[in-house]
Structure formats: C-alpha cells, structure tokens
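The values are calculated or read from the model by the stated rules, or taken from the named source; none is laboratory data. A quick note: this is a predicted structure, and the numbers were derived from the prediction, not measured. Because the Cβ atoms are built from the backbone with ideal geometry, glycine has one as well, and the counts that use them run over all protein chains shown. SASA here: full protein model, heavy atoms, side chains in, ligands and nucleic acids out. Shrake-Rupley method; radii C 1.70, N 1.55, O 1.52, S 1.80 Å.
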Amino acid sequence: MSLIEIKDLKVHYPIRTGFWNRITDSVRAVDGITFNIEAGETYGLVGESGSGKSTTGKSVVGLEKVTSGSILYKGQDITKAENRRKLDYNRDVQMIFQDSLSSLNPRKRIEDIIAEPLRNFEHLSKDDEKLRVLQLLDIVGLDADALYKYPHQFSGGQRQRIGVARAVATNPKLIIADEPVSALDLSVQAQVLNFMKKIQREFGISYLFISHDLGVVRHMCNNIAIMNRGRLVEIGTRDDIYNHPLHIYTKRLLAAIPETNVNQREAHRASRLAVEKVYQEQQSKYYDDDGEAYPLVQISKTHAVALPQALAQQLATQEGEVQA
Amino acid sequence: MAENFEQHSDISAADLARLSQEAQAEATPSTAKIIWSEFKADRPAMAALFIIVGFIVFVMVGALFINTPKMMETNIMAYFNQPFTPEFWLGADSGGRSVAKQLIVGSRNSIGIAIGLTIISSTFGICWGLISGYFNGYIDWGMQRVYDFMMMLPMTMMIIVLVTIIPHYNSVTLTFIFSIFYWEGTSRLIRSRTLAEAEKDYVAASRTSGTSHWKIIFREIMPNISSLIIVDCTLSFAENIGVETGLSYLGFGLPSQTPSLGTMISNANDPNNITQYWWTWLPAALEIIILCLAISYVGQVLRRAADASQRQGAAD
C-alpha cells in the first residue's frame, strides 16, 4: 500500500461577479489529479508557475480546502478536518516552505520555532524538549548558539535548514517540500538539498518535492509528475521523463534547462527552436478543444502521458520505448 | 523515536547544561532591555517618560490626601485669590476653590478615565480586529457589519444622551459609556494588518505544527503586530485624555462637583477669566499639552524598539 494515495483531487476557487455576488465561474487550480507516494521515496512534482503544484502540496498537508476528490492516508480520507485530528495527521506529514524568512515567525526564538510541533504533538519535559531541539540543530549542521536567536539573524541557507529541522522534529513520514531551495543561491541550494537527502537516508522520510527546477528534481527524485494547467500531463520514473519524454510540455520544460557547454550552443539553440515549433504547430494535437490536457494513458508500467491513445502509441514507438 | 534522534546526533543529555549556557551567552537581549537602551539613546523621550510616570504617581498619591467635598466648598473670602500665595499656590477660582488642589484631583479623574478607557476599548478593539481578520469569510462579514452599525451611530450625541439618561453616574460609568464607542478605529486598523499577516507562511507553518487557532491569533500574530498596537495605544491614550476633557468642557462629562481637566478648562469660557484671571484655566491647558507631547515621545520610542530596522539604541 502506498503511503499517500491522491485520487481525482480537485481544488477550485469560485469567481464571484455581479450585483448579487453569485458564483459564475471557478478557477480550476487543481483539476482532477491522481498519484501515489510510496514510503521512503522522493516524488517530484514539476510545472510552471500557476500550474497548481503548490496548491496540490498544500492540500496534501491539509492547508487547502479541497473541492472534491480524496487523499488517503492509513485508509482514512484526510481532506476532512476531523480525520486529520483523529490521526494526529500533521505529526506524520509536515511541510517545508519556499520563503524561509516568512515561514519562521520573526518574533520567536529558534528554540520556540523548532519546539512548536513538539509541544503540540509530543508533550516532552522541558529538558527533553531542549535536548531534542539541540539534536535537531546538530543534525541540520547549526551550532547550539542558535537556540536563543531570532530568524533574521541567520542567512537564507541557515534559515531554510531551521525550517527543515522544524519539519523533521516529530519524525514525520512525509514532508511536503514546496520549492525549498528556489529562493537560495546555487551553492547554498546544494547544501540544503544534501541535508535533506541525509535526513531522508537516516530517518526514512518520503518527500513530495515541488519544484520548477528540473536540474534539482533530477538530483532528488525517483518518480516525477509533470503538471500543467492544473492537470498531470506526464508521470514516470526519472529515466522516463528525462530520456523518453512524450508530452510536448515536458519536452519544452526539458529544452528550457540552461546548458553550460558553449561549444554546442548552436545545436542546443536549434533543438530548443525545434521543440518550440512543434508546440506552436501541433498544440491542438496535445491539448483538447478547451486547451486542457487529456486524461492520462499508460505507456509502460511506470510511464503515463496525457494524450489520446493513438497519438501516445505512435509517439511511444517513435521514442523506441518498450510497450507494457 | 527518541533513540532515532540520538543515533544521528552526537549531542546527549550530558551536554545539555553546557550547551544551553553557551546559547544563553549568545542570546539576543530581551525586549525590556531593548526598550531601555532605546530610551537611553533618546534623551527627550527619557525626560518625557519621567514626566509622565512622575506626574501620574504624584496626582494618584496626592489626590488621596485631599478631601474633595471640602475642597469643592465655596469660600467667598478667597474669590479669585492671586496665585503664588502660601495658601493658594495657583490661586483660586470664582468659588474661592484652590486651583492647585483641583488640578491634582482633576488630573487624577481625567487620567484615570483615559487609562481605563484605553485599556478597555483597545483590548476589545484588538480582539475584535484580530478575530475578524484571522478567520475571514462569514465571521469577518458578520463582525464587520456590527462594526459598520456602530460607526453609523453619532458618537458624541449618543454619549450625551446616555449621560443624561443614567441617573447616578461617576467616572467609572462614564469610562464604560465611552468604551462602547471608542474601540472601532482600533479594530479596523488591527483587522487590516491581521488580514495581511494571516496570509504569511509562518501562520501556515503553525497550523501544520498543530497549533490551535486561538494560540495562533494571540501568540503568533499579535506579537507581530505589536508595534502597531503600541503606537495605537499611546496615541489613543493621548486622544482619550482629550475625549473626557472635551465632553466635560461642553458640560456633559463628569458632574460639576467632580473636578476634571475639562471642567477647569471650561473656565476659559468666560472672557473675564481669559484676560484677568489666567490662573483659572492656563495650568490645566498647559498640563494637557505637556502630557500629550510626552506621551507621543514615549510612543515613538516604543515603536522604534518594536521595529529592529528603526532602532537607535546601542546594539549589544
């Protein structure tokens, strides 16, 4: 059984207009997505800004009101608040936020910030609690001096590590990492990511890793889902996505990864333009009449793509992929 | 579970005392220390603080030694007695009553009302604004309609009517009557900041950490808008001295046998008093000006102390 099973999740925001403020339409931030997260794995959720990936993450951690669909954890639907309370759900599912500064209360000391989930879920004695906080700081590579300082006294990388420490405090089973490193510079990104990987190895935590940075996702994730306009357009293993992409949106994302090899600059440019040309000319083939993605079609055991059956088969044989 | 953490960290219970001592040495100074160093950096504010505290203590204690009914008795022999005489330091008014003694008792009454009014109305306004802004949605909608209704009532008229209906009113009932109307401005101000604050990630982080709504409102959000609360409280304290004074001046404040800053200033209604008997109204007017100025100086220092980027005090 998977750790978390997300089934046909929808999050719609109503648009109210007119004199009576009636609901006339809705923004479909997340529009029917289905995937599972296994214990101990890192699941990548990739897409452009506004594709609904953060909303998905917030729904999974219980911060967003879900319109329909279900999220199963230990067989219970945790989209209902009472089920979350019964399970002490947030003890097992925690979150790391994108903006490290705003996710730490500027008026609280580091000790209180990291101890917050401990106080709510574990009720340790004062000394045990302080010891746990010190151990957590040690695990994310910060000194004990940090204990009584305030968040603004730390650098961005240190703050994000404090965020990681808080998320790990109750020894959760799943951590939602919502673009945890996109606000950091490259050297600090690697540092924070390596701490996250180390913690995963040591504590056996699963991550739902939300990002738009395909380089980082490749470094972190085994399974990846590509999201576009509130729907999943492609699901697969790292190999499926990076070496055999089928959907045009995935291809565009991959083409957008900056390449540092100057000698092949022209070749890269040509391939980028080729992908863009296909997108411009054949958009109607990849999206339905409303401009939305098709339902997912299974290509192999691990690989699924949101295309009409015939086109998916054709593209798959072109790519030379083995049929399931 | 605890073993899990012990496995991956070298820190054990034995190091606890040493490490927390080390951390204590590196700790950021407490809020009280920050405020104090901020006062030390700003001499006028320091003087203002001493003036306010000294004056309030003086009138509160001094008023205890004055027999008010006896003081308010008319003494025709002392009719407009000159100031700076041994018996009448600040002279006497048309009833021959000592201005200095009236000033002490009157300040006690006016400041007492202002303090009471600030505490009651600000507490209520802050709670109303925080709850309305945090929960949003239907709760916010309902609470804001109540607010709109209260705003619609003509405040001064309502207070005057209530004061005339209530048979035996004193400074306590007057404080409560004022409090019904003076929470509104604070609540709107606090609500608008809370709306912005509740969207921030640290609130979401607290919710995923299992903290209850009430704890988030009063322990997480409220400290973060404390600079706004402090400024609003000091300004409304200065304003509230004026509220009582103004109404007493119009004759609807405290009963005429209870001296207050307002009744003393209303001596200036008489042109004779303005030109010849200046001591009947000038001390009270000067007192209000000095008090309000001093309060705003102190308010500025508190605001700077609450906002790290504006501090002038030595960082230690």
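See the values below:
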read-out	value
A:Ala167 being farther than 19 Å from A:Asp99 by Cα, in contact (Cβ under 8 Å) with a residue 24 or more places away in the chain and open to solvent by less than 10 Å² (accessible area, probe 1.4 Å)	no
Qualifying residue in region B:278-288 (condition: part of a helix (DSSP H, G or I), within 14 Å of chain A (Cβ to nearest Cβ) and either among the aromatic types (Phe, Trp, Tyr) or more than 19 Å from B:Phe58 (Cα to Cα) (or both))	no
Test result for B:Glu73, within 14 Å of chain A (Cβ to nearest Cβ), of a type outside the set (A, V, I, L, M), out of contact with any Leu (no Cβ under 7 Å at 6 or more places or on another chain) and open to solvent by 70 Å² or more (accessible area, probe 1.4 Å)	no
Residue check, B:Gly106 open to solvent by less than 20 Å² (accessible area, probe 1.4 Å) and either of a type in the set (D, E, K, R) or under 19 Å from B:Thr245 (Cβ atoms) (or both)	yes
Residue in region B:219-255 that is surrounded by the fewest Cβ atoms within 10 Å (Cβ to Cβ), counting only those that are of a type in the set (Val, Ile, Thr) and either at positive phi or within 14 Å of chain A (Cβ to nearest Cβ) (or both)	B:Ile230
Any hit, region A:36-44, residues being closer than 30 Å to A:Ala306 by Cα, of a type outside the set (A, V, I, L, M, F, W, C) and within 14 Å of chain B (Cβ to nearest Cβ)	no
Residue list for region B:162-172, filter: open to solvent by 70 Å² or more (accessible area, probe 1.4 Å) and part of a helix (DSSP H, G or I)	B:Thr164, B:Ile165, B:Val172
Some residue of region A:115-130 being within 29 Å of A:Tyr43 (Cα to Cα) and under 19 Å from the mean Cα position of the chain (by Cα)	no
Cβ pairs under 7 Å, 6+ apart, first in region A:172-201 and assigned by TED's automatic domain parsing to the domain that holds A:Pro117 and part of a loop (DSSP other than H, G, I, E, B), second open to solvent by 30 Å² or more (accessible area, probe 1.4 Å) and small (Gly, Ala, Ser)	A:Lys173/A:Ala39
Tabulated pairs, region A:85-97, first facing chain B (nearest Cβ under 7 Å) and farther than 24 Å from A:Leu184 by Cβ, second open to solvent by 20 Å² or more (accessible area, probe 1.4 Å) and not hydrophobic (A, V, I, L, M, F, W, C), C-beta under 6 angstrom, 6+ apart or interchain	A:Asn90/B:Gly210
Filtered residues of region B:52-68 (kept if in contact with a helix residue (DSSP H, G or I) (Cβ under 7 Å, 6 or more places away or on another chain) and more than 20 Å from B:Val99 (Cβ to Cβ))	B:Ile52
Residue list for region A:109-138, filter: under 30 Å from A:Thr56 (Cβ atoms), within 8 Å of chain B (Cβ to nearest Cβ) and outside any helix (DSSP H, G or I)	none
Any hit, region B:42-49, residues being at pLDDT below 90 and open to solvent by less than 80 Å² (accessible area, probe 1.4 Å)	yes
Any hit, region A:198-211, residues being closer than 17 Å to A:Ser49 by Cα, surrounded by 15 or more Cβ atoms within 10 Å (Cβ to Cβ) and polar (S, T, N, Q)	yes
Residue within region B:11-24 that is assigned to a loop (DSSP other than H, G, I, E, B), within 14 Å of chain A (Cβ to nearest Cβ) and surrounded by 17 or more Cβ atoms within 10 Å (Cβ to Cβ) present	yes
Selected residue (only one of B:Ile190, B:Ile159 is open to solvent by less than 60 Å² (accessible area, probe 1.4 Å), in contact (Cβ under 8 Å) with a residue 60 or more places away in the chain and either within 14 Å of chain A (Cβ to nearest Cβ) or closer than 30 Å to A:Asp112 by Cα (or both))	B:Ile190
Complete set of residues in region A:139-167 that are β-branched (Val, Ile, Thr) and within 9 Å of chain B (Cβ to nearest Cβ)	A:Ile139
Residue list for region A:143-164, filter: over 23 Å from B:Arg207 (Cα atoms), open to solvent by 40 Å² or more (accessible area, probe 1.4 Å) and assigned to a loop (DSSP other than H, G, I, E, B)	A:Asp143, A:Ser155
Residue, farthest from B:Thr68 (Cα to Cα), within region B:256-265, restricted to residues that are in a helix (DSSP H, G or I) and open to solvent by less than 30 Å² (accessible area, probe 1.4 Å)	B:Gly262
Criterion: among the polar types (S, T, N, Q), within 14 Å of another protein chain (Cβ to nearest Cβ) and either touching a Cys at 6+ places or on another chain (Cβ under 6 Å) or surrounded by fewer than 17 Cβ atoms within 10 Å (Cβ to Cβ) (or both) - qualifying residue of B:Ser212, B:Ser206	B:Ser212
Residue that is at negative phi, in contact with a His (Cβ under 9 Å, 6 or more places away or on another chain), modelled with pLDDT of 90 or more and surrounded by 13 or more Cβ atoms within 10 Å (Cβ to Cβ), where the choices are B:Tyr134, B:Tyr147	B:Tyr134
